[in-house]
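Okay, so here's the structure we're looking at.
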Amino acid sequence: MATLPIKSQGFREEAGVVRESLRLMEVAPRSFLLPSALGVLSTILRLLTLSLFLPLVHGLLKGDFSRLDRIVPMSRVLGERTDGEMFAILGAAVVTVALVRVACAYSASQIVARRVEAAQIRLSRIVLRRYLAFGQQYYDLKRSGAMVRWIHRLRNRAGLVLSFLDGAFNAIASISLYMVALAIISWPLTLGALVVLGGYIFVFGRLVDRADDATERIDEAEDQLYASVQDMILNLPLVKLAGQQEAEIADFEQLNADASKIRLEEGRIGGFVEPLRDFFDIFVLLFFVAICAVVVRGLEVEAIPKYLVFFLIFRRAMSSFSTIQKLPVNWKKLVYRLEIMFSALEEEDKFVLPDGEREFNGLRREVEVRNLDFSYLKKGRVLDGVNLVLPRGRRTFVVGSTGSGKSTLFRILLRLYDCEPGAVLIDGVDIREFRIHSLLEKVAFAGSDPFFFNASIRHNVTYGVGDVSDEQLREAARKAEALEFIEALEVGFDEGIGDRGTLLSSGEKQRLALIRVFLSDPELILLDEGTSALDGATEASVLASLETFAADRTLVVIAHRLSNLRPDDRVVVFDKGRVVEEGWRDELLASGGVLARLWDAQNLPAEQHDAETQRAHR
């Protein structure tokens, strides 16, 4: 996606922001023609309706409807008619024109509504696609509540843009037609009206900057408020266990008070604008009435309808002028919100992972890590010159103290985080050259704290796997030692598991994650403490099933429980972000290095471990 405009300086730049938003939403300028034409037609029909009041009022005052022939030669069409018949015909014409005008206005509104909905759907798709492309480090720094609100708010930008443009065009077209009609009736009165209304716009334009600033600060304050509420809900057990309910309520009230203070400030601006607008409306109308009184005084009765129609048209023009008066404020607000939208969608500072162009067709030889460095933004260097090789078809254990970089290595292999070019190679090809989707189709992962949707077990374990038969599902659950507890549930695989699997125990969640592994067809299997919550017997059974499943696959396991290591296991030892040992288990134990110290810390004699391992695999 190309770099998008972020900051505007003048009207030309601001107009560029709006044009770019239309391009992004795939809204062609010509799509405004039909609703705009209907809007103009509606205004013309309104003027025609008001114009028909001239002969109508004249006929009522004078008892003579002959003036109707000055508008259209009705007598030639209808023949000679009585005054009562002419009044009925004229009344029917007014009603008919009014109904056609209503139909035009309704049709225009429906076209706009459908176009807005279509644009919102397209923008929602773009927003979601962009957010899914952002790197994990971006989400590490953001609060989920604020992001959820952002995504919802960005969708509504489509409605803001299209409604503003339609409203602005219709208001300008309407006021132009009204001014032409008024000038035809009395150009001196129209000139005076334009002078007064020009001052009307100038006064209200002074409030633009303050309203814009308040809008920006309200958005920021409400983001904080929503993020705080979602954090509290997601961590509700911790809040209760720590006895911090009152503290959370106090924090919420403070954030709410901060947001309320800014909203009140904006309300004061709006509260000043509306009464001032009403004052101008009254002032302008009184001014008009005073002038009309001077002009009309001394005129014959037949001239009065003309000025009455002038007054009615002018009153309608006041409504359009009120819309135009708001345009500077609404334009600034619109451009500001669009700039924020573009800022949220652009790639800068989003840690977007580049997607390669090569399809991943499987692991043939090895995964090689060359001099890999990695740092989190607020944590410093986590991996420091890591070099290792993961041969195809072998089981490799990655061990080390907490925080030594093991899980970070997995996240890079899973393409959640990016790496420098050439730092990770698959069969000699840079991992960044592969299409991420095609690569991850051949990688299975299970961690100590699996991810789940608030949906059924079936949905969660088959997510991303494709169509799975009931027999395949049951067999995978059996291998993961999960079939028994699933079938004990009321509706089995269709049982809901709550937000993030909160209705399950830690061991049950890990076993569901392992079902995903057994249902997939991976070339590379990564387990990050994926069995840490299981009891010894269950873990041994699951590992035995995994060993059979991974016979021709590459299995890499992060483990703190060293009792699972066998003499023929290849072991990579991490310490402070570096690979400090690599080799067979017994060789490393005999060397008396880091693995030996970790082994002794868990009181695991090698002879006893060998016997336990042999029993587990019988």
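The values are calculated or read from the model by the stated rules, or taken from the named source; none is laboratory data. Computed from a predicted model, the values in this text were never measured in an experiment. Neighbour counts run over all protein chains shown; Cβ positions are idealised from the backbone, glycine included. These area figures cover heavy atoms from the full protein model, side chains too; ligands, DNA and RNA do not enter into them. Shrake-Rupley method; radii C 1.70, N 1.55, O 1.52, S 1.80 Å.
Principal axis extents of the C-alpha atoms in the range 304-447 (largest first, rounded to whole Å): 100, 35, 26.
Tell me, what is the FRET efficiency for residue 218 and residue 463 to the nearest 0.05, using R0 = 41 angstrom and their Cβ-Cβ distance as r? Efficiency for this residue pair is about 0.60. Largest first, the residues 191, 534 sort by 1.4 Å accessible area into 191, 534. Residue ranges 537-543, 91-97, 425-431, 46-52 sort as 46-52, 537-543, 425-431, 91-97 when ordered by packing (mean number of other C-beta atoms within 10 Å per residue, highest first). Here the peptides 129-137, 522-530, 478-486 are ranked by packing, the mean other Cβ count within 10 Å, and the order with the highest first is 522-530, 478-486, 129-137. Label positions at residue 552 and residue 194, each projected 7 Å from the Cα along the C-beta direction, are separated by 8.5 nm.
Based on the mean of other beta carbon atoms within 10 Å per residue, what is the order of 370-377, 154-161, most packed first?
Ranked by mean Cβ neighbours within 10 Å, highest first: 154-161, 370-377.
Taking Cα pairs under 8 Å and at least six residues apart, what relative contact order does the range 502-557 come out at, in percent?
47
Per-atom-type breakdown for the range 450-594 gives carbon and sulfur 47% of the accessible area (1.4 Å probe, protein chains only).
Counting only protein chains, not ligands or nucleic acids, how are 150, 187, 599 ordered by accessible area (probe 1.4 Å), most first?
Numbers: 150 50, 187 170, 599 10 Å².
Ranking 150, 187, 599 by accessible area, largest first, yields 187, 150, 599.
Distant-in-sequence amide contacts of residue 579, defined by a placed amide H-H separation under 5 Å and a gap of 5 or more residues or a different chain, comprise 387. Shown is the FRET efficiency for residue 256 and residue 355, computed with R0 = 41 Å from the Cβ-Cβ distance and rounded to the nearest 0.05: 0.45.
Which residues among the range 435-462 fall inside the zone where the amide N is under 11 Å from a point 7 Å beyond the Cα of residue 544, along Cα→Cβ? In the range 435-462, the label zone of residue 544 (backbone N under 11 Å from the point 7 Å along Cα→Cβ) covers no residue. Computed in the context of the full set of protein chains, the accessible area of the range 327-392 at 1.4 Å probe radius has 41% of its extent on carbon or sulfur. Based on protein heavy atoms only, the range 464-618 ends up with 48 Å² per residue of surface accessible to a 1.4 Å probe. Evaluate E = 1/(1 + (r/R0)^6) for residue 429 and residue 319, where r is the Cβ-Cβ distance and R0 equals 51 Å; express this FRET efficiency to the nearest 0.05. Step by step, r from the Cβ atoms, then E = 0.15.
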